[in-house]
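The structure appears below as structure tokens.
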């Protein structure tokens, strides 16, 4: 897994859009794993339950972000509607991010048109 790819910001059309139910968007979206982590703290619990049950989080993490390992960790959360769900999701992602940062040195190159990241 390429750390820079996992930590990148995705295009608006690839963002994760939070819903409470089918046809009921919350208006919240995440364009990076860090953004996703922050949104987990505040989106409605119904949204978290909805997406866990449908495996939306896992699919976005695997297919869009490119992090199959984190997708598997989230997949293991079998009981989406317990009282600690928000905390469990947040701590799982936060711990995974810490592991990623420990394992790679990231260099960002910025110019006015794009940001490129590479690992050393």
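Which of the residues belonging to the stretch 54-71 are touching a residue at least 12 places away in the same chain (Cβ under 8 Å), within 11 Å of the chain's Cα centre (by Cα) and under 19 Å from residue 100 (Cα atoms)?
Taking the stretch 54-71 first, the residues touching a residue at least 12 places away in the same chain (Cβ under 8 Å) are 55-61, 64-71.
Filter again for within 11 Å of the chain's Cα centre (by Cα), leaving 56-61, 64-67, 70-71.
Within the stretch 54-71, 57, 58, 60, 61, 64, 65, 66, 67, 70, 71 meet the criteria.
So that you can scan it fast, the table gives a plain yes or no per residue for (1) in a loop (DSSP other than H, G, I, E, B); (2) at pLDDT below 95; (3) closer than 21 Å to residue 30 by Cβ; (4) in contact with a strand residue (DSSP E or B) (Cβ under 6 Å, 6 or more places away or on another chain):
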site: 57; (1), (2), (3), (4): no, no, yes, no
site: 73; (1), (2), (3), (4): no, yes, yes, no
site: 83; (1), (2), (3), (4): yes, yes, no, no
site: 86; (1), (2), (3), (4): no, yes, yes, no
site: 90; (1), (2), (3), (4): no, yes, yes, no
site: 98; (1), (2), (3), (4): no, yes, yes, no
site: 117; (1), (2), (3), (4): no, yes, yes, yes
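Looking at (1) outside any helix (DSSP H, G or I); (2) at pLDDT 90 or above, which one does residue 77 not meet, given that it meets all the others? Evaluating residue 77 over (1) outside any helix (DSSP H, G or I); (2) at pLDDT 90 or above leaves (2) as the failure. Inspect the stretch 35-53 for any residue being more than 18 Å from residue 94 (Cα to Cα), within 11 Å of the chain's Cα centre (by Cα) and at pLDDT 95 or above and give the result as yes or no. No: zero hits.
A count restricted to the stretch 28-38 and to residues that are without any contact (Cβ under 8 Å) to a residue 40 or more places away in the chain and touching a helix residue (DSSP H, G or I) at 6+ places or on another chain (Cβ under 9 Å) stands at 5.
What number of residues within the stretch 61-76 satisfy the criterion of being within 19 Å of residue 12 (Cα to Cα) and surrounded by 17 or more Cβ atoms within 10 Å (Cβ to Cβ)? Walk me through how you get there before you give the answer.
So in the stretch 61-76, the residues within 19 Å of residue 12 (Cα to Cα) come out as 61-67.
Subset that is surrounded by 17 or more Cβ atoms within 10 Å (Cβ to Cβ): 61-62, 65, 67.
Total satisfying the criteria: 4.
The values are calculated or read from the model by the stated rules, or taken from the named source; none is laboratory data. Everything quoted here is computed from the prediction, not taken from an experiment. Because the Cβ atoms are built from the backbone with ideal geometry, glycine has one as well, and the counts that use them run over all protein chains shown.
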